[in-house]
Structures are given as C-alpha cells and as structure tokens.
1. Taking a label point 7 Å out from Cα toward Cβ, give me the nm distances from residue A:21 to the same spot in the other copies, shortest first, one decimal.
2. Once you keep just the Cα pairs under 8 angstrom separated by 6 or more residues, what percentage relative contact order results for chain A?
3. Would you work out the charge dipole size for chain B about its Cα centre, treating the Cβ of every Lys and Arg as +1 and the Cβ of every Asp and Glu as -1, and quote it to the nearest 20 debye?
4. For the pair residue B:95 and residue C:110, what calculated FRET efficiency results from E = 1/(1 + (r/R0)^6), where r is the Cβ-Cβ distance and R0 = 35 Å, to the nearest 0.05?
5. Please determine, in degrees from 0 to 90 and to the nearest 10, the orientation of helix B:3-30 with respect to the longest principal axis defined by the Cα atoms of chain B, where the helix direction is its Cα long axis.
6. Among A:30, C:85, C:6, flag the residue with its Cα farthest along the positive direction of the charge dipole of the protein assembly as shown, charges on Cβ as +1 for Lys/Arg and -1 for Asp/Glu.
7. Evaluate peptide B:7-18: per residue, the Cβ atoms of other protein chains within 10 Å of its Cβ; return the mean as an integer.
8. Relative to the longest principal Cα axis of chain A, at what angle does helix A:102-127 sit, 0 to 90 degrees, rounded to 10?
Amino acid sequence: MHHLTALVTLLAIAFYFFTSINVSRARTRTGVKVPAMSGHPDFERAFRIQMNTLEWMPIFLPALWLFAIYISDAIAAGIGVVWIIGRIVYFIGYSQAAAKRGPGFGIQALAAVALWAGALGAVVLRMV
Amino acid sequence: MHHLTALVTLLAIAFYFFTSINVSRARTRTGVKVPAMSGHPDFERAFRIQMNTLEWMPIFLPALWLFAIYISDAIAAGIGVVWIIGRIVYFIGYSQAAAKRGPGFGIQALAAVALWAGALGAVVLRMV
Amino acid sequence: MHHLTALVTLLAIAFYFFTSINVSRARTRTGVKVPAMSGHPDFERAFRIQMNTLEWMPIFLPALWLFAIYISDAIAAGIGVVWIIGRIVYFIGYSQAAAKRGPGFGIQALAAVALWAGALGAVVLRMV
C-alpha cells in the first residue's frame, strides 16, 4: 500500500478543486457571465491558474504513482508535497500579476520532472 | 480486483467522450470554425459542458479509485454511477440554458466530494 | 508488474509535455501575451493541439491501464505506442493547417477506442 502517496493525491486534488472555486468567485467579482471565458484580466488570470493546474494533472499524477510504485512511497509523497507548494506559490503569484507566475511554475515543474525522470529510470532498470 | 469500479470508469470515459463529440456537432451546427473556441452561445455552452466534465475528471477518477481500494469496490461504483447521472443531468440542463446547469452540477459535485472525503478518511485511518 | 505500459505512460506524458512547451514557443513567436488564449491563428492552433491532447488523456490513460491489467501488458503498450504515433501525426498536420489534423486524429482515436473496447469486454467477461 502507498498511504502517503494516496494522501498527497487527495491533497493535490483538493488544491486543484480550490483553483476551480476561485474561477467561480472571479466570475462573480468581475461580472464575466457563463459561458464566456474572457472579458476581464482578473478573471482570465484566475481561469489560466485553474487551466494550468489541470494541464499538469495528467503529468503529475501518473508520474507520482509510477515513482511511488517503482521507487518509494515516502519519497514520491515528499516530492508531491513540493509540487503542491509550487502550485500554491504559482496561484498566489499569478493572482497578483501574470509576470509573477514564474517561481511557482518553476518549483512545480522541477518536482514533476523529478517524479517523471525517477519513474522512467526505475522502469527502464527493471526491464534490462 | 475492482471490476465494478473498472466498469464505472469505462462508462464515465464513454460519457465524457460523448460530450467531446457533442462539441464537434455544435461546431458544424453553429458554423464556428477550428481553431476558434467562441463565436456562438450554443457552441460555447457545448464546449463548456465538455470542459467542465474534463475539469472534474482528475478529481473524480483518483477519488473513485482510492475509495474503491481503501473502502469498497461496490460502494465506489455506486457513487460513481451517481456522478455519471449528475453529469448527464448537467449536460441536458446546460445544453438548454446556462441557468439550468445547477442541479446536475450539484449532484456530480456531491458524488465526487463523497468519494474524496471517504477516501481521505480511510487513508488517514490506515496511517494512524 | 506492467513495465511496458508504465514506459508507454511516461512517453505519452513526455509528448504531451512537449505540446505544452510548443504553446509557450508559439506565444513568443506570435506575440500573444498571457493570459490571452487567442489573437493569432498559429498560436490558436498550437493551443488547440495541446488542449486536444489534454482532452484525450483521461480517455487514453485509464483505458490503457485497464486493458493492461485485464488483458495484456505488451498488447496495451503496443496500442499505446500507436496512440502516441497518432498524436505526433496530429501535431505535425495541425501545426501546418487546421485541415490537416484529420489523419493523426483518426489514428489516435482508433487506438484509444481499441483500448477502451478491449478493456470493457474483458471487465464484463470477468463479471459474468
């Protein structure tokens, strides 16, 4: 069993869910009506934060689980926590201004790439 | 093995696939040419239905499977069926008017939150 | 263990990641500033390529893994490679013109449907 990775998965989902709720709140605040997805920079940034988080989910979650299964539950979960922290930093920065989205993006990208590269190395090692 | 959860996963994917086909059909009907993603309210609602279903997939699927693994295949699958029903109600309502998207959204959100909360509780219980 | 399917999963993620990087490069080349998601046909096509690949991830990955678990790791991985090839053909075609996106889309859709239908058949057979 991979309890720590399961826990980090549920926390990552919860944070992603929060970015979705934030889009609804930005809609109300800026007056952009559904189904429109543009019309106010604050709304568009909130939407891009959610979308970017969504865009990375199919990279993060499979890499996290393959790392956990092939290497270590605890290390996978630890790197997963770094990914969530990067996502929170990205959320705070991008909410203020598009130019401030870099550091958080970099942290989460490094964490995701570490999970991916670790899993790839471990899978290849098992096959040879 | 988790046969019922596997079956519900494949049915959920099939319904999500149907929302994608519906976007293509709305494109033809409204004359919005690729790669444009706006230009006619009917097309935009069809696109938002697909997008919203996509946005919930990384919440629904991991929560469904963690619930199935940590608690019960049959209960997970049952709640998963409720999620699909909520998605169908959302599809029908939102296709008619943006104002009618509420009830279906609420049903699928409750089902997803139930899966998430159940999985979280079960994971935490195993760790303590 | 399903080493081949794990490997194909990591390769599919890597290609999807590449479509994301391509959006950033198209942004720089066409001068479309964040958070805007439209404004130049070349950028919009690059964005649609990434989005369409993202849209198929929750169909492809669960179907791939259920096929691998219920039927065969090697066959799942083989069909998964076809999916990636279809995605590459789609990327090259759609990058040139919207009208050239058909063949690659068809290849990856057939591969995904084969995984889905195979998994469904195998799950149902186990249950009866």
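The values are calculated or read from the model by the stated rules, or taken from the named source; none is laboratory data. In this text the structure is predicted, and so the values were computed from the model without any measurement. Positions of Cβ are generated from backbone atoms using ideal geometry, with glycine treated the same way; all protein chains shown enter the neighbour counts. Areas reflect the complete protein model, heavy atoms only, side chains present, ligands, DNA and RNA absent. Shrake-Rupley method; radii C 1.70, N 1.55, O 1.52, S 1.80 Å.
1. Label-point distances to the other copies, shortest first: 3.6, 3.6 nm.
2. Over chain A, the number comes to 27 percent.
3. Values: 10 positive and 4 negative charges, 85 e Å.
Once rounded to the nearest 20, the dipole reads 400 debye.
4. With a Förster radius of 35 Å, E is 0.80.
5. So the helix axis and the longest Cα principal axis differ by about 10 degrees.
6. A:30
7. 5
8. With rounding to tens, the tilt is 30 degrees.
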